[in-house]
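Step one of this worksheet: look at the structure below.
The values are calculated or read from the model by the stated rules, or taken from the named source; none is laboratory data. Quantities reported herein were computed from a predicted structural model and do not represent experimental measurements. Positions of Cβ are backbone-derived with ideal geometry, glycine not excepted, and every protein chain shown enters the neighbour counts. Side chains are part of the model used for accessible areas, which takes the heavy atoms of the whole protein and leaves out ligands, DNA and RNA. Shrake-Rupley method; radii C 1.70, N 1.55, O 1.52, S 1.80 Å.
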Amino acid sequence: HVHRRLQVVAKLLIVATFVEDALRVLFTFGVQQQSMEIAGWTSPALHTLLPLLSLAVQSCGALLVLASSGVGGEVGCYLLLGWCVWHPFMYGQAGNREFVLETATISGGLLILLSHLLLLRTKAPLLGGVSAAAAQEQKDRTATAHRIQAVGRVLVVSFFLYVAATKTHAWSVSLSLGPGDGPGVWGWGTRTVELLLSLLILYLCWLVVIGMKSRGVALLLAVTMFLAAVWMHPWCLFLFSSRTYTMQGVVGMEGFEVDAFTMADHHRYFFFQSMSTVG
């Protein structure tokens, strides 16, 4: 029962960013048109067509994934995977490594879900008995599902590898570890902490990729990601502010002064993207 409940929660979380983004397009269509212009699309027609494409693909894909555990769910996974590939280019974020790798992690989750749905079909009883051709088809589908799962396992740790390569350094040098290792100083204590953190994350990612203790490790990474998202993207807090903020981490808007609503919208997007990573 716990396993099934976790599957439902994981499905909801995986599609969270797609549902949130589709609703964002629906309720702030004019803002999305401006985003297309900022992203470098010069045609006024594309300023309208691209957000409409975003709304159609993400809403249909998410609904299919949530509503079906059969072929419909598989089609939904393919739609959302296609969107993950196109999305960074549409918004001009292809050069944003953090954005791309978090999208790759979500793609890995979708591939693992897709492999699960394919395996469910192989376990379904065949009408009229099992012919040689049908048995071979099931065998081929099982092999395909396992290959997809292997690729998904590699992609699903993409963002955590990025954290090991970049974020651990920034976090380590912010610590007060004693003489010669104060904030902003990369002393031996800081280097040791950074090395240990990086090795721990790499080890956990390796366990997920090879499938050893992967459920427990994946749950640990998911809880860590959830807590980090709550800490780094507290979008609700910006809704009650009247000041302006400097935009960071968005290609094309770096250094822009924006109002509290725009900042909340920015953090809400990355919060729900993190929730899909958790899923």
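Overall, the accessible surface of the chain at a probe of 1.4 angstrom is composed of carbon and sulfur to the extent of 71 percent. Dividing the helix sum by the residues of the chain, where each DSSP H run of 4 or more adds -39500 (n - 2.57), gives a mean residue ellipticity at 222 nm of -24500 deg cm²/dmol.
Let me make sure I get this right: for the chain, a, b and c are the square roots of the gyration tensor eigenvalues over alpha carbons, sorted descending. Under 1.5 in a/c it's rounded, otherwise prolate if a/b > b/c, else oblate. Which is it?
Values: a/c = 2.31, a/b = 1.25, b/c = 1.85.
It is oblate, given that a/c is not under 1.5 and a/b is not larger than b/c.
Residues in the chain average 55 Å² of solvent-accessible surface per residue, probe 1.4 Å, ligands and nucleic acids excluded. Over region 45-139, Cα pairs under 8 Å with separation of 6+ residues give a relative contact order of 23 percent. Spin-label pair ARG215-THR42: with each label point 7 Å from Cα along the Cα-Cβ axis, the two points sit 5.6 nm from one another. For the peptides 217-229, 79-91, 40-52, the ranking by packing is 79-91, 217-229, 40-52, with the highest mean count of neighbouring Cβ atoms within 10 Å listed first. Remark: spin-label model distance VAL9-ALA143 equals 3.8 nm, labels positioned 7 Å along the Cα→Cβ axis. Sorting the segments 196-206, 269-279 by their residues' average number of neighbouring beta-carbon atoms within 10 angstrom, most packed first, yields 269-279, 196-206. Here the relative contact order of the chain, from alpha carbon pairs under 8 Å that lie six or more residues apart, stands at 21 percent. Applying a length cut-off of 20 Å (Cα extent along the axis) and a mean Kyte-Doolittle floor of -1.0 to the DSSP H helices of the chain leaves 44-67, 71-90, 97-123, 132-156, 188-210, 214-232, 260-278.
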